[in-house]
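Nothing in this text is a laboratory measurement; each read-out follows from the coordinates by a stated rule. All values reported here derive from a predicted model rather than from experimental measurement. With ideal geometry, Cβ positions are generated from the backbone for all residues, glycine too; neighbour counts draw on all protein chains shown.
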Amino acid sequence: MARLVIRGGRPLRGEVSISGAKNSALALMVAAALARGETVLHNVPHDRDVMTMADILRELGVKAVFVAPHELHIDGTGLKTDTAPYEAVRQMRASFYVAGLLLARLRRARVPLPGGCQLGSRPVDFHLRGFEALGARVNIEYGYMTAEASRLAGTTIFINRASVGTTINLMLAATLAEGTTVLENAAKEPEIVDLAVLLNSMGARIRGAGTDAIRIDGVDELHPTEHWVIPDRIEAGTYMMAAGITGGDIVLNNVELNHLRTPVGKLMETGLRVEAEAPGRVRAFIDPHVRLRATDVETAPYPGFPTDLQPPFVALLSVADGTSVVRETIFDRFRFVDELRRMGADIRVERDTAIVRGVEKLTGAPVEAMDLRAGAALVLAALAAEGETQISGVELIDRGYEEIEKKLAGVGADIERCEDRDGQGGSNSGIPHQGIWQPTPSG
Ligand code: EPZ
């Protein structure tokens with residue numbers, strides 16, 4: 001187990017490079033395995049979830065090899081089993097995407113149900129209904145979903161709640177189905193568009209990605225290609241907030257500002273300034289003598305305010321001047337607030353709403369990251385807090401933030417990673433070598 005030890009109070013200054021989008025990469029890796037032949041994915045983040053997905057694909061017989069730090073080669077030629085490994089899939093919800101892959105390639109998928117997690121109950125009923133609509137017989141037995149189809153036939157599917165994962169899974173399955181599938185009320189996230197771009201360059205025929213109606217004309221087979229993963233908008237938003245909460249001035253490289261319009265608008269309401277300096281290069285800064293201001297926000301599917309930035313934003317608002325009201329509409333995602341309270345935050349949660357009364361200062365404390373974005377919130381709070389904060393559960397932060405302590409140290413944070421194994425502490429990059437990273441339990 002590892003901890004992050006952060007001594008707060010330093011305004012962050014300098015440049016940071018944003019990684020490729022984790023949530024895009026996870027879908028793209030599975031999509032690449034739809035083809036026989038080697039697809040090259042560039043700008044793949046070297047984070048824990050990506051390693052877990054690579055492990056799962058390898059267990060299915062798919063080749064998944066990092067040939068350079070951010071260059072991943074995927075080849076689906078060897079796909080040999082219709083059964084996904086139980087433990088790994090239970091531990092990472094996105095691994096349910098292999099259901100779409102297996103159904104498309106083998107017409108049969110046996111995939112463990114991902115189960116609940118720290119974000120509350122997260123069913124996959126929309127995915128299952130979609131597979132059935134495409135002609136699969138779906139059963140749940142012994143913790144596994146089994147889906148079988150002699151043929152997959154395109155149809156029109158209305159997705160409840162514009163679910164990201166359902167849209168991805170059905171795009172994967174429908175790409176190799178017979179005829180035309182129309183996904184209505186589809187998710188519009190940039191990660192969906194990235195997936196459509198990859199699939200189309202593999203020979204798929206997908207139109208409308210990025211709107212709420214996606215039309216997929218099935219093809220017989222796909223071919224390998226080369227693709228660059230879009231920048232991680234959630235990581236970028238987190239580093240912008242790190243500039244804000246510390247009264248700092250950070251230049252972020254490899255950012256797609258268009259994907260961040262709503263959160264940037266909200267950040268500007270708090271007094272943070274966000275300016276495009278050049279394509280892909282964005283400066284986030286605040287006058288160090290100006291205190292952040294409170295604002296209200298509600299999470300929503302893209303292009304609304306992303307739920308994945310809600311916890312770090314609550315951390316930022318916890319030191320803003322005034323009272324902010326934050327409503328979470330996607331997940332049950334306020335448990336981290338208890339940890340922020342240990343650091344002196346004044347936050348009351350009533351069902352799906354947090355009322356955040358900004359305090360003058362936070363103070364360091366031992367706290368625990370309960371999930372990935374909750375961990376990001378604690379890191380931000382710790383960067384601003386007086387004294388030392390020790391954050392346990394760092395493995396969860398590693399799921400989606402590549403080399404967080406290196407990146408933050410690079411902009412002046414006093415941060416180190418301590419391994420608890422030997423009781424000695426000491427820093428460590430936290431990024432293990434490819435192929436030896438074991439998945440850890442989480443949501
Ligand atoms: C994706 O999760 C992301 N994960 C999440 O990021 C993100 O928070 C979420 O989308 C919302 O933007 C990945 O991309 C790997 P949904 P996903 O299906 O696909 C309900 C992070 O921190 N629902 O859009 O699982 C669901 O419970 C992670 O990086 C059903 O009821 O989210 C939720 O309330 C966490 N039945 C809503 O829909 C279903 O079958 C939207 O969920 C599917 C979803």
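For the reader, a short list of remarks on this structure follows.
- Once exposed loop GluC sites (Glu not before Pro) are cut out (DSSP; at most 16 other Cβ, 10 Å), longest piece of the chain: 1-220
- Translational diffusion coefficient (Stokes-Einstein; Kirkwood radius from C-alpha pairs) of the chain at 20 °C, 1.002 mPa s, in µm²/s: 97
- Ignoring aspartates and glutamates fewer than eight residues from residue 63 along the same chain, the ones with Cα atoms less than 13 angstrom from its Cα are 38, 55, 75.
- Cβ-defined net charge surrounding residue 146, 10 Å radius [Lys, Arg +1; Asp, Glu -1]: 0
- The residues neighbouring residue 201, those whose beta-carbon lies less than 13 Å from its own, together hold a net charge of -1 under the Lys/Arg +1, Asp/Glu -1 convention.
- Among 321, 55, sorting on how many other beta-carbon atoms sit within 10 Å of each Cβ, with the fewest leading, yields 321, 55.
- Taking trypsin sites (Lys or Arg not before Pro) in DSSP loop states with no more than 13 other Cβ atoms inside 10 Å as exposed sites, the chain has its longest site-free stretch at 152-350.
- Extension gain for the segment residue 207 to residue 406, taken as residue separation times 0.36 nm less the Cα-Cα distance, is 67.7 nm to one decimal.
- Environment charge of residue 107, counting only residues whose C-beta is closer than 9 Å and scoring Lys/Arg +1, Asp/Glu -1: +1
- Partner aspartates and glutamates whose Cα lies under 14 Å from the Cα of residue 22, excluding those fewer than 8 positions away in the same chain, are identified as 47, 49, 71, 189, 191, 194, 232, 235, 308, 398, 402, 403.
- Measuring r between the beta carbons of residue 68 and residue 217 and using R0 = 30 Å, the FRET efficiency lands at 0.30.
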